[in-house]
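This report refers to the structure that appears directly beneath it.
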């Protein structure tokens, strides 16, 4: 084999490597003005998108969600990092929770944030409890979101008196 | 030859145009920029002359080289004995002059630096500038309680007096650069830095963020106004009072929309329920020269189009696009224009 063709052959793995790098380009897609035509499946646009998760983290701080939910650990409000969801864990459910509020103290943010911002918050909150692509998780700050979520095992309710209460809550909360 | 000199007049115009303007480091409108400008002139002159001398010597050497090669003596070997002393003397003089010039330039730098530090003195005005992505939060401190002034994207300072600008940031590294007045100073997370401004006369200047800070780093300007001390005091006192809440008409409708919709959750307007702290303070937005940190010039049309869609002129900035009807936009713009 001539030295020239050998050199060309050596470049082949390099070219393949460069092509593989293009695979991560989608991660940086940023949609600043939502395209309402995708109203059917907005969850897919927002979930697992690095930009939206980072913006959701910012809004989590701006809207003082930690005031009740303490960076996902709960407090006055339920924790957001476990698998127990009173009103549903899908993105649509979380968006409705944020916009309309819920009984027992969750305020309605419909007039305070835009729908897109609610979707970004939902993307962030989802990343707290559901395994998300490592390169989509926000790299900002010392928030718990930077580490992989804990296991999705059921947490025993410390206040349960009997196993029956546990089972009942299990039926209502988990999705 | 014609084609080579064609860009020359436009280049000259470019250089000469840098002498004056709202954003130039060549005009020396502040003590620091003036002294450093003078130092720069000294360096430019000295090195320019040295450069010309070197070019002349190079030309002589090239010409001499042709002559020597022609008569076969060459320059590779020892210098001819009748020239040896002259060459030695020339080298000593050249090296000595270089060392002396460098020493003098270092001395000039040292003296300039000291004179700038000494000229600052005790500050008369203290301002905190906090960098955000991508706007400037400005807080004036006053020893009298209740006279703290919060504003955004504008800086007013008195001429002839020293203002200490204390810098910090809420997210990433920014850099405050008011070229007419002083050099750059970084705003570093977790660190407090400061810059002393001593403007020499009144004027309007444009400052720029000088450290890449994200998508809209290029659209993070700060309008700097240097007033006379009396005008500055007057502006300060006026800004401490808030404009009255409108009582009727389009402006009142705008006020209602502002308070009840998304605006109030991020923005602050003094003496109204809207007290969001994460976005620029809008208490006196109508008296600013630009919108969104220098992105758009202040005008009715620009203000309306900014509120309608902030993501088009400044994509990626933290203000969302809120869906508003044309009537709501008119009302909001009318309300914001009352906030002088």
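FYI, it's all coordinate maths here, none of it is from the lab. Bear in mind the structure is a predicted one, so any value in this text is a computation, not a measurement. Ideal geometry is used to build each Cβ from the backbone, glycine not excepted, and the neighbour counts take in all protein chains shown.
Some points to look at:
- Each of B:209, A:68, B:263, B:19 was scored by other Cβ atoms within 10 Å of its Cβ. Listed from fewest to most, they are B:19, A:68, B:263, B:209.
- Relative contact order, whole percent, for the stretch B:192-231 stands at 45, derived from Cα pairs under 8 Å and 6 or more residues apart.
- The stretch B:219-247 versus the stretch B:130-175: alpha-carbon centroid distance in Å: 13 Å
- Segment residue B:184-residue B:49, length gained on full extension (0.36 nm per residue, minus Cα span): 45.7 nm
- Segment residue B:8-residue B:192, extension gain: residue separation times 0.36 nm, minus the distance between their alpha carbons: 61.7 nm
- For B:140, A:124, A:87, order by how many other beta-carbon atoms lie within 10 Å, fewest first: A:87, B:140, A:124
- Largest GNM mean-square fluctuation across B:275, B:207, B:25, computed for chain B with C-alpha springs under 10 Å, falls on B:275.
- Using a Gaussian network model of chain B in which every pair of alpha carbons under 10 angstrom is joined by a spring, one finds that among B:152, B:286, B:99 the greatest mean-square fluctuation is at B:99.
- The ranking of B:223, A:135 from fewest to most other beta carbons within 10 Å of each one's beta carbon is A:135, B:223.
- Shape of chain B, Cα gyration tensor, a/c cut at 1.5: prolate
- Under a Gaussian network description of chain B, with springs only between Cα atoms under 10 Å, the residue in B:47, B:109, B:31 that fluctuates furthest is B:47.
- Relative contact order [Cα under 8 Å, 6+ residues apart], chain B, whole percent: 15 percent
- Ellipticity estimate at 222 nm from DSSP helix runs (n ≥ 4, -39,500 (n - 2.57)) divided over chain B, nearest 500: -14000 deg cm²/dmol
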